[in-house]
Amino acid sequence: MNTSIKNILHNNDFSKDDIIELLYTNQSEAKLLYQKAKEVKSCQIGDKVYLRGLIEFSNLCVKDCLYCGIRKSNKNVQRYSLSDREIIQAAQFAFDENYGSIVLQSGEVKSRVFLNRIDRLLKQIRKITGDNFGITLSCGEQDESTYSRWFESGANRYLLRFETSNKELYNNVHPNDSLHIFEKRIESLRVLKKTGYQVGTGFMVGLPGQNLSHIADDILFMKDIDIDMCGIGPYIEHKETPLFDQRNTLMPLNARFELTLKVLAILRIIMKDINIAASTALQSIDKLGREKAIRVAANVFMPNITPQSYRKNYNLYDNKPCIAESPVDCQSCTIARINLANGKVAFGEVGNSKHYLNRKNLIGEMNL
Ligand code: SAH
């Protein structure tokens with residue numbers, strides 16, 4: 001088996017069967033995969049880790065995804081939305097502390113009031129930061145005109161996970177209605193790219209009903225649509241969601257963790273210059289989860305800068321870490337974690353995806 005893994009890793013591109021074999025590896029074989037991913041990372045990306053201050057600014061959501069703790073039907077969540085002032089203050093904190101970029105994330109809301117508000121906030125934040133600062137939005141599926149408008153007002157990156165590239169599985173973990181249409185989700189990614197955003201996407205590893213063939217397809221799908229950034233994490237059950245009933249069918253948490261690391265390593269090898277985030281969900285399974293992701297493949301870390309009192313209400317899954325911490329606590333912890341992973345914190349750097357710059361032929365013209 002080791003020889004076959006070595007043979008596969010000898011190439012820089014993998015077939016679906018290769019990927020399945022790499023996902024199936026035992027611990028000692030997986031070390032070879034990790035080693036190769038580390039080499040690619042070191043050669044293409046180096047040891048810099050970019051910071052994205054994460055502002056979970058609202059948990060109001062019109063969607064009812066069967067896995068998510070802030071789904072509309074969960075009546076046990078206290079709904080909140082940060083004030084404009086709180087959002088601007090958080091952005092100012094990230095700017096003053098030289099984070100280089102922020103992510104504004106929320107549940108999905110499509111009202112005129114919400115769309116206008118984001119637009120206004122983007123303009124205000126841009127006024128503070130100037131152009132040399134990354135602003136990522138992660139506010140779900142919106143119309144093309146909204147994506148364009150937000151782009152014009154200052155957002156330059158967008159995160160929208162496709163969750164799974166398999167339509168049947170998608171339909172099994174979402175309600176069957178007009179708000180949760182697989183094709184619309186996928187189409188949104190193409191629209192975002194066309195609009196000019198650096199596009200980030202990803203999926204959950206270990207969903208009920210998911211197998212290695214699905215995961216291999218997810219990886220190849222990301223390559224196929226040629227994404228710039230990736231956010232992939234293990235699925236973690238949440239007690240107040242319908243999927244909790246299927247918890248007995250799931251892989252153990254540590255297996256989901258290991259499988260996620262393998263996915264990140266494979267993506268690093270086949271999509272060399274993309275930005276890969278060390279997702280928070282990794283840390284909820286393994287205390288050193290994000291460090292492990294950085295050692296193997298990731299080059300982006302998202303310190304939470306949501307004001308502390310709101311955090312307990314943004315529980316997408318059970319045991320989400322950093323709930324009792326403040327933005328300042330997360331700052332010192334971030335630096336310690338990145339150092340522990342032998343990374344260099346890239347203070348003051350926007351950290352554009354090299355893949356995006358290459359795709360747009362902008363290498364050399366923009367501050368990396
Ligand atoms: N409303 C935005 C942001 C959603 S939350 C959007 O639709 O893009 C961000 C991500 O959290 C989701 O895309 C999903 O992949 C992840 N997530 C939600 N519930 C989860 C769970 N139970 N376990 C792990 N990840 C989860």
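The values are calculated or read from the model by the stated rules, or taken from the named source; none is laboratory data. Predicted, not measured: the structure shown is a model, and the values here were computed from it. In this analysis, Cβ positions are derived from the backbone assuming ideal geometry, glycine residues included, and neighbour counts consider all displayed protein chains. The area values use the complete protein model at the heavy-atom level, side chains included, leaving out ligands, DNA and RNA. Shrake-Rupley method; radii C 1.70, N 1.55, O 1.52, S 1.80 Å.
Taking the criterion of being of a type in the set (G, A, S), away from the ligand (no atom under 15 Å from the Cβ) and either within 22 Å of P303 (Cα to Cα) or open to solvent by 40 Å² or more (accessible area, probe 1.4 Å) (or both), the only residue of region 152-163 that qualifies is G154.
Among the residues of region 299-307, none qualifies, meaning not one is more than 13 Å from the ligand (Cβ to nearest atom), assigned to a helix (DSSP H, G or I) and not aromatic (F, W, Y). Taking region 75-87 as the range and being open to solvent by less than 10 Å² (accessible area, probe 1.4 Å) and either part of a loop (DSSP other than H, G, I, E, B) or within 14 Å of the ligand (Cβ to nearest atom) (or both) as the test, only L82 passes. Restricting region 51-72 to residues that are surrounded by 23 or more Cβ atoms within 10 Å (Cβ to Cβ) and among the aliphatic types (A, V, I, L, M) leaves a set whose member that is nearest to A278 (Cα to Cα) is L51.
Got a number for residues in region 313-342 being assigned to a loop (DSSP other than H, G, I, E, B) and open to solvent by 10 Å² or more (accessible area, probe 1.4 Å)? Outline the logic, then answer.
Initially, region 313-342 is screened for residues assigned to a loop (DSSP other than H, G, I, E, B), giving 314-326, 341-342.
Now drop any that are not open to solvent by 10 Å² or more (accessible area, probe 1.4 Å), which leaves 315-326, 342.
Residues that pass the stated criteria total 13.
Considering each residue of region 297-312, count those that are open to solvent by 20 Å² or more (accessible area, probe 1.4 Å) and more than 17 Å from M229 (Cα to Cα), and give that number. Number satisfying all stated conditions: 5.
In region 222-237, the residue that is farthest from the ligand (Cβ to nearest atom) out of those that are open to solvent by less than 10 Å² (accessible area, probe 1.4 Å) and not in a strand (DSSP E or B) is D228.
Here are A293, A281, A255, A277: which of them is within 16 Å of the ligand (Cβ to nearest atom) and open to solvent by 30 Å² or more (accessible area, probe 1.4 Å)? Only one candidate passes the filter, namely A255. Selection of first residues in region 85-112 that are under 23 Å from T146 (Cα atoms) and of second residues that are in a strand (DSSP E or B) and among the aromatic types (F, W, Y), restricted to Cβ pairs under 8 Å at least 6 apart or on distinct chains, gives the following pairs, ordered by first then second residue: I87/F57; S101/Y50; L104/F57; Q105/F57; S106/F57. So if I check each of S188, S178, S213, which one is closer than 30 Å to F257 by Cα, open to solvent by 20 Å² or more (accessible area, probe 1.4 Å) and not basic (K, R)? Only one candidate passes the filter, namely S213.
The residue that is nearest to the ligand (Cβ to nearest atom), among those in region 238-252 that are of a type in the set (A, V, I, L, M, F, W, C) and open to solvent by 10 Å² or more (accessible area, probe 1.4 Å), is F244.
Inside region 88-141, can you point out the residues that are within 16 Å of the ligand (Cβ to nearest atom) and assigned to a helix (DSSP H, G or I)?
F114, L115, R117, I118
Results for (1) farther than 30 Å from V109 by Cβ; (2) modelled with pLDDT under 95; (3) in contact with a Pro (Cβ under 7 Å, 6 or more places away or on another chain); (4) assigned to a helix (DSSP H, G or I), shown as yes or no for each residue.
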residue: T3; (1), (2), (3), (4): yes, yes, no, yes
residue: I8; (1), (2), (3), (4): yes, no, no, yes
residue: N12; (1), (2), (3), (4): yes, yes, no, no
residue: L23; (1), (2), (3), (4): yes, no, no, yes
residue: L33; (1), (2), (3), (4): yes, no, no, yes
residue: C61; (1), (2), (3), (4): no, no, no, no
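Within region 117-151, the set of residues being without any contact (Cβ under 8 Å) to a residue 60 or more places away in the chain, out of contact with any helix residue (DSSP H, G or I) (no Cβ under 7 Å at 6 or more places or on another chain) and open to solvent by 60 Å² or more (accessible area, probe 1.4 Å) comprises R120, K123, K127, D131, D143, S145. Pairing residues of region 216-230 that are farther than 13 Å from I269 by Cβ with residues that are surrounded by fewer than 17 Cβ atoms within 10 Å (Cβ to Cβ) and modelled with pLDDT under 95, at Cβ distances under 9 Å and at least 6 apart in sequence or on separate chains, gives D226/R359; D228/R359.
Any residue at all in region 37-52 that's modelled with pLDDT of 95 or more, within 16 Å of the ligand (Cβ to nearest atom) and not aliphatic (A, V, I, L, M)? Within region 37-52, one or more residues are modelled with pLDDT of 95 or more, within 16 Å of the ligand (Cβ to nearest atom) and not aliphatic (A, V, I, L, M).
Filtered by the rule that a residue be more than 25 Å from S111 (Cβ to Cβ), in contact with a Lys or Arg (Cβ under 8 Å, 6 or more places away or on another chain) and either open to solvent by 10 Å² or more (accessible area, probe 1.4 Å) or within 13 Å of the ligand (Cβ to nearest atom) (or both), region 191-207 gives G202, F203, M204, V205, G206. For region 1-29, a residue qualifies if it is under 16 Å from L267 (Cα atoms) and loosely packed, with under 11 Cβ neighbours inside 10 Å, and the qualifying residues are H10, N12, D13.
Does N172 satisfy the condition of being away from the ligand (no atom under 16 Å from the Cβ), touching a Gly at 6+ places or on another chain (Cβ under 6 Å), modelled with pLDDT of 95 or more and not aromatic (F, W, Y)? It would help to see each step written out before you state the result.
Details: away from the ligand (no atom under 16 Å from the Cβ): no; touching a Gly at 6+ places or on another chain (Cβ under 6 Å): yes; modelled with pLDDT of 95 or more: yes; not aromatic (F, W, Y): yes.
It is false that N172 is away from the ligand (no atom under 16 Å from the Cβ), touching a Gly at 6+ places or on another chain (Cβ under 6 Å), modelled with pLDDT of 95 or more and not aromatic (F, W, Y).
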